[in-house]
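J.: Below is the structure I would like to discuss, written out as structure tokens.
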Amino acid sequence: MIACPTCDALYTLPDVAEGARARCRRCHTVLTAPRKGAMTRIVMLASTSFILMLAAIFFPFLELTAAGRTQRSSIMDVVLVFADGPFVGLAIAVGALIVVLPLLRLLALIYVLAPMSFGWRPARDAIPVFRFSERIKPWSMAEIFIVGVAVALIKVAGLAHLSLGPAFWAFAALVLVVALKDNFMCRLTIWKTLEHRRQ
Amino acid sequence: MGCPHCGRVHEAPGPDMCVRCGWRLAANVPDTSLQWVWAWFFAGLIAYIPANIYPMLRTQSLGRTSESTILEGVVELLHHGSYSVAIIVFVASIAIPIGKFFAIAYLALSIQRKVRQGVHGRYRLYEVVEFIGRWSMIDVFVVAILAALVQLDFAATINPGIAAISFALSVAFTMLSAQSFNPKTIWAYGDHSKT
Ligand SMILES: [Zn+2]
Ligand SMILES: [Zn+2]
């Protein structure tokens with residue numbers, strides 16, 4: 001028996017077929033949507049995202065050419081621009097939102113789900129780690145950053161010639177992979193599995 | 001009593017934390033979540049005022065310094081003829097934040113007044129607010145990217161203005177405000193017919 005997480009309507013959930021989804025009758029929240037081999041796929045997608053993320057951080061993602069000079073910027077540069085004066089707090093916030101939190105969330109997911117995809121017992125503290133990863137979800141803003149890059153491109157278009165670096169494409173791919181991964185995630189299934197395996 | 005995170009059912013009066021996932025369980029009514037909603041709401045509102053008055057961007061070009069606020073940034077984009085981007089920036093930094101203040105106030109007031117009508121509509125509104133609020137950060141990222149790209153060795157230099165900080169704070173506070181809602185309170189006074 002489960003209660004709808006948003007409206008408290010009670011349900012006795014039958015086994016939902018893989019690929020199907022069960023929604024709350026009252027508020028239409030998705031209750032569960034198990035996918036075949038979801039754990040393994042999430043772990044693979046999360047590992048891919050992690051590598052893409054590392055690439056995206058250190059390679060230049062934008063190249064600006066004006067008056068014969070070229071400036072390359074990596075995401076690290078964007079974070080460090082604010083690093084002096086009154087903008088330190090902003091630097092930390094931007095760094096957290098586009099680099100640290102997305103990375104932490106990926107690591108947490110891999111840590112929790114990798115043992116489960118092999119059918120092992122959950123890792124130590126898997127429960128608080130997974131809870132943490134769910135909590136920081138709204139704060140990991142990689143996809144918003146990508147749109148920001150697009151807007152910035154157009155803003156300076158008149159000022160200089162701009163081209164996209166390899167990291168931009170890594171980041172764009174990352175956004176796609178993360179979206180795909182979130183599509184496979186079924187919170188209820190993960191919690192149920194965590195609960196069963198713990199015993 | 002159901003867990004708001006994983007749906008595990010506990011007998012009321014239940015424990016403080018869900019036995020499965022450890023999420024905090026709160027009894028639906030009376031509910032203290034609204035105090036947090038209002039606290040973050042006003043923090044966000046206060047931070048939003050300087051975000052609009054002070055400059056977001058300072059551009060130095062050939063010895064001249066020009067500063068532009070959020071609104072001036074949108075107008076500038078319109079002058080350049082980049083209408084689609086102007087619309088994106090306008091929606092993300094002006095329409096969404098202001099709409100969010102109204103939406104949060106409306107939701108909180110209707111819960112306080114124990115309004116019964118339109119639960120479904122209000123719940124949709126809550127979902128939209130939760131989903132869309134983060135997108136307001138775009139402008140902060142744009143400022144960061146521009147400042148990183150356009151540095152001293154070019155004809156122009158772009159620096160972030162003080163509004164970037166208060167705008168980022170305002171977005172964060174309103175996100176916290178929306179997250180503080182206990183969606184069950186929207187349903188609690190609503191229709192019980194369909195359960
Ligand atoms: Zn429901
Ligand atoms: Zn729970």
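The values are calculated or read from the model by the stated rules, or taken from the named source; none is laboratory data. All values derive from a computational prediction rather than experimental measurement. Using ideal geometry, Cβ is built from the backbone for each residue, glycine included, and neighbour counts are taken over all protein chains shown. These area figures cover heavy atoms from the full protein model, side chains too; ligands, DNA and RNA do not enter into them. Shrake-Rupley method; radii C 1.70, N 1.55, O 1.52, S 1.80 Å.
Table: residues versus (1) farther than 17 Å from residue A:78 by Cβ; (2) in a helix (DSSP H, G or I); (3) within 16 Å of ligand 2 (Cβ to nearest atom).
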| site | (1), (2), (3) |
| --- | --- |
| A:138 | yes, yes, no |
| A:145 | no, yes, no |
| A:148 | no, yes, no |
| A:151 | no, yes, no |
| A:170 | no, yes, no |
| A:174 | no, yes, no |
| A:177 | yes, yes, no |
| A:180 | yes, yes, no |
| A:191 | yes, yes, yes |
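J.: Which strands (runs of 3 or more DSSP E) sit wholly inside the range A:1-84 and have at least 1 residues that are within 16 Å of ligand 1 (Cβ to nearest atom)? Let's see the steps before the verdict.
T.: Numbers: elements: A:30-32, A:60-66, A:69-74.
Per the criteria, A:30-32.
J.: Check off (1) buried (at least 24 other Cβ atoms within 10 Å of the Cβ); (2) touching a Lys or Arg at 6+ places or on another chain (Cβ under 7 Å) for residue B:159 and give me the number that stays unchecked.
T.: (1)
J.: To continue, here is another question. Every residue in the range B:8-21 that is within 7 Å of ligand 2 (Cβ to nearest atom) and either open to solvent by less than 70 Å² (accessible area, probe 1.4 Å) or in a loop (DSSP other than H, G, I, E, B) (or both), please.
T.: Result: B:18, B:20, B:21.
J.: On to the next question. Testing residue A:127 on (1) more than 8 Å from chain B (Cβ to nearest Cβ); (2) touching a Cys at 6+ places or on another chain (Cβ under 9 Å), one condition comes back false. Which one is that?
T.: Unmet condition: (1).
J.: Does any residue of the range A:27-34 turn out to be crowded, with 19+ Cβ neighbours inside 10 Å, more than 22 Å from residue A:112 (Cα to Cα) and not β-branched (Val, Ile, Thr)?
T.: The answer is yes, given that some residue of the range A:27-34 is crowded, with 19+ Cβ neighbours inside 10 Å, more than 22 Å from residue A:112 (Cα to Cα) and not β-branched (Val, Ile, Thr).
J.: What residue, among those in the range B:9-26 that are more than 7 Å from chain A (Cβ to nearest Cβ) and not hydrophobic (A, V, I, L, M, F, W, C), is nearest to residue B:183 (Cα to Cα)?
T.: B:24
J.: Can you tell which of A:98, A:110, A:42 is open to solvent by 10 Å² or more (accessible area, probe 1.4 Å), away from ligand 2 (no atom under 16 Å from the Cβ) and modelled with pLDDT of 80 or more?
T.: Testing whether each residue is open to solvent by 10 Å² or more (accessible area, probe 1.4 Å), away from ligand 2 (no atom under 16 Å from the Cβ) and modelled with pLDDT of 80 or more leaves just A:110.
J.: Let me ask something else about it. If you go through the range B:50-58 one residue at a time, do you hit one that is part of a helix (DSSP H, G or I), within 30 Å of residue A:30 (Cα to Cα), touching a residue at least 60 places away in the same chain (Cβ under 8 Å) and more than 16 Å from ligand 1 (Cβ to nearest atom)?
T.: no
J.: Give the range A:10-23 a look and list any residue that's open to solvent by less than 40 Å² (accessible area, probe 1.4 Å) and within 16 Å of ligand 2 (Cβ to nearest atom), or say none.
T.: Result: A:11, single match.
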